[in-house]
Every structure is written in structure tokens, then in C-alpha cells.
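Enquirer: I'd like to ask some things about the structure below.
Derivation of every value follows stated rules applied to the coordinates shown; laboratory data play no part. Predicted model only: the values in this text are computed from it and were never measured. All Cβ positions, even for glycine, are placed from backbone atoms using ideal geometry, and neighbour counts span all protein chains on display.
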Amino acid sequence: MKELSLNILDLAQNSLTAGSTWVMIDLEETEDTLRITLKDNGCGMSEEMVRNVTDPFCTTRKTRKVGLGIPFFQLAAEQTGGSLTLSSIPASVSPDSHGTVISGLFYKNHLDFTPLGDVVSTLCTLIQGAGDVDIIFSHKLPGGEISLDTREIKEVLGGIPLCEPEVLVWIRDNLTEQYDEVGQNH
């Protein structure tokens, strides 16, 4: 993928498909590194699936026989000298504490580092299609932190759907303003 933000969108879509009620997206950026972590409370994966999920021919989808999201994310991290970690607890093992955590570490100074891309558009697209699933976003940068929690927005809106155009425009403007305040144009 041309931007890591598209990997984030793909991985978050996996969380939605897994029946999550919330998805946490955490970006931690230093001068030299970028760590992207997604955590959800979806149905989780078996130990066997966790072992095999980086194989592009391993997928739970019935509509196609390949799953490239996680392998592409892993490749993007490893080609910079970074790494991928993945842990998951299936609902069948722990009905009260299940879900998946995937994290990629990227070295930004490496020649093969894929740019982060348009995080604001990625988040707006995700929120627009997430339905009732809560999105909790944080991007920690050397110059400050950008955050968005749809639970807080829903509380203020009192039942107005987040996919309403005016709400999405407000979310986009809010995120853009936060990035501008820390001197980042994402």
C-alpha cells in the first residue's frame, strides 16, 4: 500500500468484521520511529489462526481465498528493520476479555519507510462506516498529541449518527486543527 494509513483502515475493518464494539488506534511517533497499534474487543483468533495469519493464503473470508492486510502491514514494518507483534484471545476462551492487538514498529529513516499518509481522511472514512462501533484514536508526536474518542462525541450529539455529513465535517476539521496545533500536516 502507498500509505500506512490505508493499512490502518484495512486492519480496523478487520476489527469491525470481527464484531468489535470498540477499536483503539494508537500511533506513537518519535523522530526515528513510528509504532502503529490497533486493539479491539472482537471475537479474537485461535492460536492456530494467530500463527498463520501472516500467510497471505490464510483468511477467514468466504468471498476470496487470500487475506493480504496483515501480511502487507508486516512487510511494511519489516522492510524498515521493524517488526510486527500480534496477540489475540478468542471469545470462546475468555467471554469477558477477548479481542486482538496488532502492532507494527517502523523505522522512519529507512529508505523503504512507507509514509503515514492522510490519517484524517482514514479516520473519517472509518468512522463513516463503523456504525455503532466506537473509535478511540491517539497520535503521540514529539510536539504534542492528537486524540479523538467517538464515545465522547456521541454523548454530546445525543443520538445524531456520526455518519451525518455535518458531523463528519466537524470531525475532519477538529482533527485537522489538532494536527495544525502540533505542527503536523496529516
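Enquirer: Figure the gain on full extension for E47 and E145 (residue separation times 0.36 nm, minus the Cα-Cα span) and round it to one decimal in nm.
Expert: The span from E47 to E145 would gain 31.8 nm if fully extended.
Enquirer: Within 14 Å, Cβ to Cβ, of L27, how many net charges do the neighbouring residues add up to if Lys/Arg are +1 and Asp/Glu are -1?
Expert: -2
Enquirer: Connecting C-alpha atoms closer than 10 Å in a GNM of the chain, tell me which of G69, G143, G99 has the biggest fluctuation.
Expert: So, out of G69, G143, G99, the one fluctuating most is G143.
Enquirer: For each of T30, T100, T114, count neighbouring Cβ atoms within 10 Å of the residue's Cβ, then give the residues from fewest to most.
Expert: Ranked by crowding around the Cβ, least crowded first: T30, T114, T100.
Enquirer: Now, a different point. Could you work out Rg/(2.2 N^0.38 Å) for region 69-174, with Rg from alpha carbons only?
Expert: Cα-based Rg divided by the globular estimate yields 1.30.
Enquirer: Okay, moving on. Test of understanding: in a Gaussian network model of the chain with alpha carbons linked when under 10 Å, which of D132, D26, D96 would top the mean-square fluctuation ranking?
Expert: Answer for the Gaussian network model of the chain: D96.
Enquirer: Can you give the Kirkwood hydrodynamic radius of the chain from its Cα pairs, in Å with one decimal?
Expert: Hydrodynamic radius (Kirkwood, Cα only) of the chain equals 17.1 Å.
Enquirer: Testing the spin-label approximation: label points 7 Å from Cα along Cα→Cβ at R172 and V156. State their distance in nm.
Expert: It is 1.8 nm.
Enquirer: If you only keep lysine pairs separated by 8 or more in sequence, or across chains, how many in region 4-181 come under 26 Å at the Cα atoms?
Expert: 7
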